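Structure first, then comments.
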Amino acid sequence: MVQVALPHRRAYVISFWFVLTSLMAMGALAAGLAAGLSAAWVWALGVAFLFLLPGLFTARYFNLGISAWNRATSLIFRVLRKAAMRLCFYIIFPLIQHSGTSMGLELPGSAQGAAEKSNWHIHNEAARRAMKDAVRGEAWFSDLFRHGRTTGNWWLLSLVPLIFTLTLMGEEVQETAPPTSTYTLY
Amino acid sequence: MSRLPFTVAAGFLSAVALLPIITVALMVRGIALAVSSLARAIEPSYVPWRDLMTYDPVLGWKPRPNLDANYYADNDDVFQLVTDTEGWPGRCSVEQADVIAIGDSFTFGYGIDSERAFFSLDSSIRVKPVGAPGYSMVHGIRIMEQLGGRLRGKRVLWMVYLENDLQDNLVPNMRQYRAPFLRSSADRTSWEIASEHISPEPWTASQTISRHAMLAVFCVPGPIADRAYSACEWLLHRARAICVEQDAELAVVSVPHRMLLSDKGCSLLATLSPAPEDFDPSRPDQRLGAVCNRLKIPFVAGREVFNYADYKDREGIHWNGRGHRRMAALIARVVRHPLGTHNARMR
């Protein structure tokens, strides 16, 4: 997937300002037409010119645009990621918990528990790996579907919108976080 | 209880609830995709850095001759490089040049298009850069020896980068490249250039040395600094002898690391040095200047010429366009008003 953070290379700076100015001009044109202005295209050109004007005085302006974009998108995605996770916690999980589990909970004292059957499960490495890779790989949907089918946990499919949303926003790199391989007891 | 209705309801509800987030994320991604696609279309294709270099039995590595290619500079941008028939940057030959600039990546014009580098800016003075990224002062001596009679009657400007040149004079490699270096002579009274290890095979025997830490060491008194400056003196002495023999005018200009040009950088370097209380950012220039004075070689202290703003912001090592213009102006002054044998203040 294309990186949202843009490098400060000249080609990217030029492209960034071209795309952004075009979008602003088109927005101004649409607004002008909606307002019934006879020379809406003049407004569009004016907006584009004003947008680029500071760059005539200092070339740093164009680089600052890239920096601002990178900071803004990082912030937006952080907020959106948090919002998505909260939605998941408050809306999806309360619903999913009613769907039950495919794991037999043969509690002592219950009718099933009377059979005194062991609750130990055979470790299914393939299923574990599939679950781990589900949200990482490009083919996460098919992996998730396969995992849901093989384990009988069809409720996993209700997570598809959330995983799609998180995939769109990419991973947040936490530089201060310990490596994922680090085993901790806290 | 059937699980399906809950699964469907949860999926549907979450899709609806997440729709605004998905819309915003798609818009951001869409803009990024448009920018990246357009950038890839207009950015010139570039070749890997290693493809620009070739093995040289004397220098270890050298730019390939007759290049007109683009390369990607680390953490920076794509730049155009033009080399002559010998592999040195620029189109002018050594014979055509008024000034021969010898040095490392600064001399080479790393991180700027060849046409915008200092050696291309003043059409009234023909400057020939002879250098490549990673070269030390030992390479400078080897180049002067190779050029020999072709230096006759020319001005030779030796650009010494203070971050790594002083230490690289004494180490046998630059990353995977094998480099000629200085070692103590057998009787321990002088120095000699070692180059018998040079071959096309990548060097794997040395650990990477922190350049900042070594620069900090060279800014305080001590045996390591004394050894490095002693090696510099031997090299400067050798360079002077070559230039005198060829009737060429030698001048030395130090190129400071950006950290030496800011209070914050100096404070950081001081903490890396073994004696922070003795830290003096001008010490490398003072020591080199003193050697040049003794040898009667004109010396320009880079800290008197360059500003912090002359260096690239993000890449943080090399000059930006402003730095190259300042270097071009310095060369013009040196050519039009030859420096005396005293150290020159150029600001």
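Values in this text are rule-based calculations from the coordinates and carry no lab data. These numbers come from a predicted model, not from an experiment. Don't worry about glycine lacking a Cβ; one is built from the backbone with ideal geometry, like all the others, and counts go over all protein chains shown.
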Each residue of the stretch B:105-110 in order: what ³J(HN,Hα) in whole Hz does its phi give by Karplus 6.51 cos²θ - 1.76 cosθ + 1.60, θ = phi - 60°, with x for Gly and Pro? 5, 5, 5, 5, x, 5
Using Cα centres only, tell me the gap between the stretch B:101-168 and the stretch B:1-76 in whole Å. 36
Considering only DSSP beta bridges where both residues belong to chain B, give the percentage that are antiparallel (nearest 5). 45
For the stretch B:61-213, treating each Cα as an identical point scatterer without solvent, what Debye log10 I(q)/I(0) comes out at q = 0.16, 0.18 1/Å? -0.95, -1.16
What residue among B:138, B:160, B:291 shows peak mean-square fluctuation when chain B is described by a Gaussian network model with Cα springs under 10 Å? B:291
Fraction of alpha-carbon pairs over 15 Å apart in the stretch A:1-100 - percent: 73
So, with points 7 Å from each Cα along the Cβ direction, the residue A:37-residue B:227 label distance in nm works out to 7.2
Out of all DSSP beta bridges in the protein assembly as shown, what portion is antiparallel? Express it as a percent rounded to 5. 45
Given contacts defined as C-alpha pairs under 8 Å and at least six residues apart, what's the relative contact order of the stretch A:1-77, whole-number percent? 40
Any chance you could give the angle, 0 to 90 degrees and rounded to 10, that helix B:4-42 forms with the longest Cα principal axis of chain B? 30
For the residue pair residue B:245 and residue B:183, what label-to-label distance in nm results when each label sits 7 Å from Cα along the Cα-to-beta-carbon direction? 2.3
Length-normalised contact order of the stretch B:138-206, Cα under 8 Å, at least 6 apart, in percent, tallies to 26
Tilt relative to chain B, helix B:263-272 - C-alpha long axis, 0 to 90 degrees, to 10: 80
Extension gain from residue A:151 to residue A:14, taking 0.36 nm per residue of separation minus the Cα-Cα distance: 44.3 nm
How long is the gain from residue B:116 to residue B:68 if the chain were fully straight, where each residue apart is worth 0.36 nm and the alpha carbon distance is subtracted? 15.8 nm
Over chain B, with a Gaussian network built from C-alpha contacts below 10 Å, which listed residue (B:45, B:282, B:254) shows the highest mean-square fluctuation? B:45
Take the alpha-carbon positions of the protein assembly as shown, form their convex hull, and give its projected area averaged over all directions (one quarter of the hull surface) in nm². 37.0
Between B:246, B:207, B:146, which gets the highest mean-square fluctuation from a Gaussian network model of chain B, Cα cutoff 10 Å? B:207
What percent of all Cα-Cα pairs in chain B falls into each 20 Å bin, going from 0 up to the bin containing the maximum distance? 28, 52, 12, 7, 2
Rg(Cα)/(2.2 N^0.38 Å) for the stretch B:57-137, N = residue count: 1.02
Could you tell me the distance between the Cα centroids of the stretch B:273-326 and the stretch A:59-83, to the nearest Å? 36
For the protein assembly as shown, what number of Lys pairs, 8 or more residues apart or on separate chains, have alpha-carbon atoms under 28 Å from each other? 9
To the nearest 0.05, the calculated FRET efficiency linking residue A:21 and residue B:213 through their beta-carbon distance, R0 being 45 Å, is 0.45
Contact order normalised by length for chain B, with contacts defined as Cα pairs under 8 Å and 6 or more residues apart; what percent is it? 14
